Amino acid sequence: MRSSLLIIGLACSVVATTPRAGAATLEGQEFEDGIRLAQHELRLNGLGVRKIFFIKAYVAGLYLNEKAATPAALVALPGPKRLQLRMLRGAGPDDFNSALVAGIRKNAGEAELLRLADRVSQLELTIKSIGLTVKGDVINLDYLPGLGTQLTINGTRQGQAIFGADFFTAILGIFVGDQPVDALLKKGLLGQ
C-alpha cells in the first residue's frame, strides 16, 4: 500500500513539472502560447532573458495578434499587444525607472521625447508607487487600443492607463529598438 502511494505521488509530481503543450519555457518560466487580451487572441511572438553582466534579471515574452520578426513589422501591427516580464530577482523602483527612461531616451528622437515627457513622468510615478518587485512577480505592459498602456503586477492594475500607441511603441523600443537594452533579448522577442 505504501509503495502504491509513493508511485502515485511520484507520478503526480512528474505531471506537475512537465511543461504543458502550447507553452514555452525559458529559465523555468512558462509562457502560454496564446492569451486573450481585450477580446483578441494573441500569440507568443518570442521570449528572451535580460542579463545585466552575468546576472539574469527577468524573462520577457511578447504577445501579438500575428508574428512579427522586425521592429517595423511589430509597430505596424494593429490591435492589442502584451509585453510580459517574469522577474528572476527583485528590483527597486529607481532601478526600473532609470532603465526605462534611459531605454526610451536611447531609442527616441528629441521631438518624440518632448511629446512623451508627461507620459514618461506618469509611468515613473506609477512605478514609484509600486515599490519593490520581487522574484516571481509577473509584470504586464499591455497596449489596449483606445485606452493606452496599462501596467499590471501579478494581475493587479497599477495606476491609470497611459494614452497613445506612440507611448507603447517607445516602451517596445527599449527592448527591440535600434539600441535595445539587450541585443539577445531583442532577438528572442522577435522570434529570431
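The values are calculated or read from the model by the stated rules, or taken from the named source; none is laboratory data. Note that the coordinates shown come from a computational prediction; the quantities given were computed from them, not determined experimentally. Please note: Cβ atoms are built from the backbone with ideal geometry, for glycine as well, and neighbour counts cover all protein chains shown. Keep in mind that these areas ignore ligands, DNA and RNA; they rest on the heavy atoms of the full protein, side chains included. Shrake-Rupley method; radii C 1.70, N 1.55, O 1.52, S 1.80 Å.
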## Note on the structure
(1) in contact with a helix residue (DSSP H, G or I) (Cβ under 9 Å, 6 or more places away or on another chain); (2) open to solvent by 20 Å² or more (accessible area, probe 1.4 Å); (3) within 27 Å of ALA69 (Cβ to Cβ) all hold for LEU184 apart from (1)
### Summary
Checked the stretch 81-131 for anything closer than 24 Å to GLY46 by Cβ and basic (Lys, Arg); matches are LYS81, ARG82, ARG86, ARG89, LYS106
### Message
So in the stretch 79-102, with the set limited to residues that are at pLDDT 95 or above and over 19 Å from GLN158 (Cα atoms), which one is farthest from the chain's Cα centre (by Cα)?
### Response
GLY79
### Query
Within the stretch 76-102, can you find the residues that are closer than 16 Å to THR169 by Cβ and either open to solvent by 70 Å² or more (accessible area, probe 1.4 Å) or in contact with a Gly (Cβ under 7 Å, 6 or more places away or on another chain) (or both)?
ALA76, PRO78
### Summary
Every listed condition ((1) in contact (Cβ under 8 Å) with a residue 12 or more places away in the chain; (2) of a type outside the set (D, E, K, R); (3) more than 21 Å from THR156 (Cβ to Cβ)) holds for GLY131 save (3)
### Query
Counting only residues that are open to solvent by less than 70 Å² (accessible area, probe 1.4 Å) and free of Cβ contacts under 8 Å to residues at least 24 places away in the same chain, how many does the stretch 35-46 have?
1
### Message
Which residue is nearest to LEU74 (Cα to Cα), if the candidates are limited to the stretch 29-44 and must be charged (D, E, K, R) and part of a strand (DSSP E or B)?
### Response
ARG43
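Go through the stretch 45-73 residue by residue and tally those that are part of a loop (DSSP other than H, G, I, E, B) and not basic (Lys, Arg).
The total comes to 7.
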## Note on the structure
Expected single match for touching a strand residue (DSSP E or B) at 6+ places or on another chain (Cβ under 6 Å) and of a type in the set (Val, Ile, Thr) among THR152, THR169 is THR152
### Task
Go through the stretch 126-140 and give me each residue that's out of contact with any Lys or Arg (no Cβ under 7 Å at 6 or more places or on another chain) and surrounded by 13 or more Cβ atoms within 10 Å (Cβ to Cβ).
THR126, ILE127, LYS128, ILE130, THR133, ASP137, ILE139
### the stretch 146-173, residues that are in a helix (DSSP H, G or I) and either touching a helix residue (DSSP H, G or I) at 6+ places or on another chain (Cβ under 8 Å) or without any contact (Cβ under 8 Å) to a residue 12 or more places away in the chain (or both)
ASP166, PHE167, THR169, ALA170, ILE171, LEU172, GLY173
